[in-house]
Amino acid sequence: MSNARRPSRRPRPARSGRRPRPRPAAAGLPAVLIGLVLSAGGALAALALLPPQPRANDTLLALQDFSLQLQEVVLASRPQPPRPGDRLLTSAALPGLLAQLERADQSWLPRAEPLGNGRIRYLYKRRLGDPPLSIAQIEELRRNPPSHQLERDAIARLLTMLERSGVQVVIGPPRKSRAAGEWEPAARTLRIRPDVIEKGSVEFARVLNHEAIHVAQSCRRGGLGARPQLLGLSIVLDPINRRHLEDPVYARASPTEIRLEQEAYANQDQLSLGPALLAKECRAPGWARWGSPAAAPAGR
């Protein structure tokens, strides 16, 4: 540092008669908005002390109730239009879907085929992992076929909660050809492969619940348009679901994607869990009318 002294300067006299003009605030932005805007996962995230005014075509999803502290909000755009060949599945289309599933459920009932000389052969379908049925079990199943009311009620709850959360559900081919279902956060669209309906109520409810868990994973990170994030549920898989993860559809998946799939597969059979997660993570209204889940989510 130099010790040389600078020559002094006489101060200029202040101009009279003029007052400094206040600088105008930026149009449309609150004065307390902190100027940090990030782009992630097709959505806009901002830190603010008060909520910004959403545009007409935006949906504001807040992670916490607004108060005088820093909050994070996500502005997510509307769902993208369905692709050619997609069939929009709304709560209004639920009766038609349930009728299709009921017809598909009939194909799982054993049927008797006479062979002559008083002999009968039974033909039936088994799901992966189901044990073979005895003659007594087959005859009981024919006398008292399952109603699958539990699965149909779960499908109705899930479709209602997804619709209220702002998710677009379509029946159409996923981008990954071998996938039974798919959640695309950028489009806010959940797809289910058309032939899943032909597999009946049990399989359709399981696939829809699996994808609803992925939706909740996105909401955990900040909104429907965000990349999914682990919820902290159990990821313990049974042998059947471990085989699913060995399918070639996951051959190029990253370790993070595998963990997300593990969490969804490990919990997809808990049909009350999907609506509960949507209500908690996506702030979907109306969960109270359906009641609380039978069991709390397992932690890890």
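The values are calculated or read from the model by the stated rules, or taken from the named source; none is laboratory data. Just so it is clear, the model here is predicted, and its values are computed rather than measured. Glycine also receives a Cβ, built like all others from the backbone with ideal geometry; neighbour counts cover every protein chain displayed. Remember, those area values only see protein heavy atoms, side chains included, never the ligands or the DNA or RNA. Shrake-Rupley method; radii C 1.70, N 1.55, O 1.52, S 1.80 Å.
Taking the numbered list (1) touching a residue at least 24 places away in the same chain (Cβ under 8 Å); (2) within 23 Å of D238 (Cα to Cα); (3) not in a helix (DSSP H, G or I) in turn, E203 passes all entries but (3). When restricted to residues that are at pLDDT below 95 and of a type in the set (S, T, Y), segment 168-215 contains 1. Can you tell which of R221, R259 is more than 15 Å from E182 (Cα to Cα) and free of Cβ contacts under 8 Å to residues at least 40 places away in the same chain? R259 is the lone residue from the list that is more than 15 Å from E182 (Cα to Cα) and free of Cβ contacts under 8 Å to residues at least 40 places away in the same chain.
When S234, S218 are checked against the criterion of being crowded, with 22+ Cβ neighbours inside 10 Å, in contact with an Asp or Glu (Cβ under 9 Å, 6 or more places away or on another chain) and of a type outside the set (A, V, I, L, M), S218 stands alone in meeting it.
Only one of these is over 14 Å from P275 (Cα atoms), out of contact with any Cys (no Cβ under 9 Å at 6 or more places or on another chain) and polar (S, T, N, Q): S177, S218. Name it.
Going through S177, S218 in turn, the sole match is S177.
Suppose we keep only residues that are over 9 Å from V170 (Cβ atoms) and assigned to a loop (DSSP other than H, G, I, E, B) within segment 75-94. Which one would you say is modelled with the lowest pLDDT? By that ranking, first place goes to R78. Condition check for S254 on (1) out of contact with any Leu (no Cβ under 7 Å at 6 or more places or on another chain); (2) closer than 18 Å to T189 by Cβ; (3) of a type in the set (S, T, Y): one failure, at (2).
Looking across I258, I213, I240, one residue alone is in a helix (DSSP H, G or I) and open to solvent by less than 10 Å² (accessible area, probe 1.4 Å). It is I213.
State whether one or more residues within segment 227-241 are free of Cβ contacts under 8 Å to residues at least 12 places away in the same chain, more than 18 Å from L273 (Cβ to Cβ) and out of contact with any Lys or Arg (no Cβ under 7 Å at 6 or more places or on another chain). No, segment 227-241 contains no residue that is free of Cβ contacts under 8 Å to residues at least 12 places away in the same chain, more than 18 Å from L273 (Cβ to Cβ) and out of contact with any Lys or Arg (no Cβ under 7 Å at 6 or more places or on another chain). Checked against (1) at pLDDT below 90; (2) more than 21 Å from L162 (Cα to Cα); (3) of a type in the set (A, V, I, L, M, F, W, C); (4) open to solvent by 40 Å² or more (accessible area, probe 1.4 Å), A294 passes all but condition (2).
Residues that are within 18 Å of E203 (Cβ to Cβ) and in contact (Cβ under 8 Å) with a residue 40 or more places away in the chain within segment 163-176 comprise V169, V170, I171, G172, P173, K176, listed in sequence order.
All told, R227 meets the bar of being open to solvent by 20 Å² or more (accessible area, probe 1.4 Å), assigned to a loop (DSSP other than H, G, I, E, B) and under 18 Å from Q262 (Cα atoms). Residues that are open to solvent by 30 Å² or more (accessible area, probe 1.4 Å) and assigned to a loop (DSSP other than H, G, I, E, B) were ranked within segment 272-285; the one that is modelled with the highest pLDDT is S272. Which residues, taken from segment 142-151, are part of a loop (DSSP other than H, G, I, E, B) and open to solvent by 60 Å² or more (accessible area, probe 1.4 Å)? Answer for segment 142-151, where residues must be part of a loop (DSSP other than H, G, I, E, B) and open to solvent by 60 Å² or more (accessible area, probe 1.4 Å): N144, P145, P146, S147.
The rows are residues; the columns are (1) touching a Cys at 6+ places or on another chain (Cβ under 8 Å); (2) more than 25 Å from L190 (Cβ to Cβ); (3) open to solvent by less than 50 Å² (accessible area, probe 1.4 Å); (4) assigned to a helix (DSSP H, G or I).
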| residue | (1), (2), (3), (4) |
| --- | --- |
| E102 | no, no, no, yes |
| A112 | no, yes, yes, no |
| R121 | no, yes, no, no |
| R127 | no, no, no, no |
| E140 | no, yes, no, yes |
| D153 | no, no, no, yes |
| L158 | no, no, yes, yes |
| E163 | no, no, no, yes |
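Applying the criterion of being open to solvent by 60 Å² or more (accessible area, probe 1.4 Å) and touching a residue at least 40 places away in the same chain (Cβ under 8 Å) to the residues of segment 83-99, the residue that is nearest to the chain's Cα centre (by Cα) is L88. Residues in segment 184-206 that are open to solvent by less than 30 Å² (accessible area, probe 1.4 Å) and not hydroxyl-bearing (S, T, Y): how many? The total comes to 12.
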